[in-house]
């Protein structure tokens, strides 16, 4: 009888600060399922550069100078940043730390 063997690994995706021109929008993370983890926004960006954090159908609009930790489990997550101001500005550092299960057959 074959029994799968699972290996648990912690992983991280990091988006460094980036300069955005007025009106510019950048998608950092296309929708991806996060089994168990957290999205961390460091708050080191400009307030007129906002993070659009979508968790399933909920959209959180977060100013770049706010510190946020959003736990997620078995949900689709996507992230975009937008400069809603009239001057260039920096997005905050954003990290996603999560656990990944990898299955191996015998």
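A short reminder: the numbers here are calculations on the coordinates, not readings from a lab. As the structure is a computational prediction, the values presented were derived from the model and not from experiment. Don't worry about glycine lacking a Cβ; one is built from the backbone with ideal geometry, like all the others, and counts go over all protein chains shown.
Data table
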| quantity | calculated |
| --- | --- |
| Spread of Cα-to-Cα distances over 5 Å intervals beginning at zero, given as percent, for segment 20-106 | 3, 16, 24, 22, 14, 9, 5, 3, 2, 1, 0, 0 |
| Label-point gap, in nm, between residue 21 and residue 70 - each point 7 angstrom along Cα→Cβ | 2.8 |
| Estimated inter-spin distance, residue 87 and residue 101, nm [label 7 Å along Cα→Cβ] | 5.0 |
| Segment 66-106: radius of gyration and largest Cα-Cα distance (Dmax), Å | 16.3, 58 |
| Sequence ranges 69-80, 35-46, 16-27, ranked by mean other-Cβ count within 10 angstrom, highest first | 35-46, 69-80, 16-27 |
| Potential extension, residue 30-residue 61 segment - 0.36 nm per residue separation minus Cα distance | 9.5 nm |
